[in-house]
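Right, one structure below, let's go through it.
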Amino acid sequence: MTASSQQVVIIDTGCANVSSVRFAIERLGYPVTVSKDPEVVLAADKLFLPGVGTASEAMKNLEERDLITLVKKVDKPLLGICLGMQLLGEFSEEQGQSGTEQVNCLGLCGAPVKKMQTGDLPLPHMGWNTVSTEPDHPLFKDIPAESYFYFVHSYAMPVFDAPQKGRTIARCEYGQPFTAAVQSGNYYGVQFHPERSSKAGSQLIKNFLEM
């Protein structure tokens, strides 16, 4: 399928600044639509789920926009970015200002999202860090081993392998190992920001679009 014939959709969650992701996709020659319309979302060939802010705020936005059931209906490849990846998990410890309980997430990956235990290292984990990838995974095709990607986060999934509910396909170390990229069926997620990660990030977006 050519770039011009693919339907690429960024899911409009209402809590994400999608412009940088959109520009990164368009630079690769792919037209892209930002939408929360069920017909548009379910007709897409590739989907992106970006996220900024807190898990509680993001899940509230998804619920208000009737996107929770819709995202779970997607059967084409979907890539969650940063908080968008965390939303794929079972639950998150990240609360809004008034939060007192864990936040239930989409439950598409069999792992929780917990506050990072980093010892003396500062939170958020912000800046460039190397990523160790699963050998020969198509999402990391033509990306050199131990490439640097750009991170900004204080919460993360542990490294995991859950039968029927996905696995870690790339890990990173910051105080402790954590999941840098995940796959559960047609759902993928990256904790880093590929749109801010120079050549390696651009290659990853290209790989996802070509899968």
Checklist entry - Relative to a virtual label point 7 Å from the Cα of K76 in the Cα→beta-carbon direction, which members of segment 1-32 show backbone nitrogen distances below 14 Å? => result 1-12, 30-32
Checklist entry - In deg cm²/dmol and to the nearest 500, what is the mean residue ellipticity at 222 nm of the chain if only DSSP H runs of at least 4 residues count, each as -39500 (n - 2.57), divided by the residue total? => result -6000 deg cm²/dmol
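Keeping the other protein chains in place, figure out the carbon and sulfur percent of the accessible area of the chain, with a 1.4 Å probe. Working shown, then result.
Numbers: 4680 of 9880 Å².
In the chain, the share of accessible area belonging to carbon and sulfur is 47 percent.
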Checklist entry - How much length is gained if the chain between S20 and D136 is pulled fully straight, taking 0.36 nm per residue apart and subtracting their Cα-Cα distance, in nm to one decimal? => result 39.0 nm
Checklist entry - Of the cross-linked pairs K72/K165; K76/K114; K141/K165; K46/K72; K60/K206; K76/K165, which ones have a Cα-Cα span greater than 21 Å in the structure shown? => result K76/K114; K141/K165; K60/K206
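How would segment 66-183 be classified by its alpha-carbon gyration tensor: rounded, prolate or oblate, with rounded meaning a/c under 1.5 and the a/b versus b/c comparison settling the rest? Before the final figure, lay out each step's value.
Details: a/c = 1.86, a/b = 1.08, b/c = 1.72.
Oblate.
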Checklist entry - Contour minus end-to-end for T69 and S154, with contour as 0.36 nm per residue of separation and end-to-end as the Cα-Cα distance? => result 27.9 nm
Checklist outcome for this item: Total charge of the residues flanking K141 in space, meaning their Cβ is under 10 Å from its Cβ, with Lys and Arg +1 and Asp and Glu -1, is -2
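Could you sort the peptides 13-22, 27-36 by per-residue average Cβ neighbour count (10 Å cutoff), highest mean leading?
13-22, 27-36
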Item to check | Label point distance in nm, A162-K60, each placed 7 Å from Cα along Cα→Cβ | outcome: 2.5 nm
Item to check | Relative contact order (percent, whole number), the chain, Cα cutoff 8 Å, 6+ residue spacing | outcome: 19 percent
Checklist entry - Let a ≥ b ≥ c be the square roots of the eigenvalues of the Cα gyration tensor of the chain; is it rounded (a/c under 1.5), or, if not, prolate (a/b larger than b/c) or oblate? => result oblate
Item to check | Selection of GluC sites (Glu not before Pro), segment 104-207, meeting DSSP coil and at most 15 other Cβ within 10 Å | outcome: E146
Item to check | Paramagnetic label zone (point 7 Å from Cα along Cα-to-C-beta, A145; backbone N under 15 Å) in segment 171-211 | outcome: 171
Checklist outcome for this item: Given Cβ charges of +1 for Lys and Arg and -1 for Asp and Glu, the option among M116, G201, G53 whose Cα lies farthest towards the positive end of the dipole of the chain is G201
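In Å², and per residue, what accessible area does the chain have when probed at 1.4 Å with the other protein chains present? Each step should come with its number before you reach the end.
Values: 9880 Å² over 211 residues.
Per-residue value: 47 Å².
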Item to check | Segment Q117-T2, length gained on full extension (0.36 nm per residue, minus Cα span) | outcome: 37.0 nm
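The values are calculated or read from the model by the stated rules, or taken from the named source; none is laboratory data. The structure displayed is predicted, hence computed values, not measured ones. Don't worry about glycine lacking a Cβ; one is built from the backbone with ideal geometry, like all the others, and counts go over all protein chains shown. The area values use the complete protein model at the heavy-atom level, side chains included, leaving out ligands, DNA and RNA. Shrake-Rupley method; radii C 1.70, N 1.55, O 1.52, S 1.80 Å.
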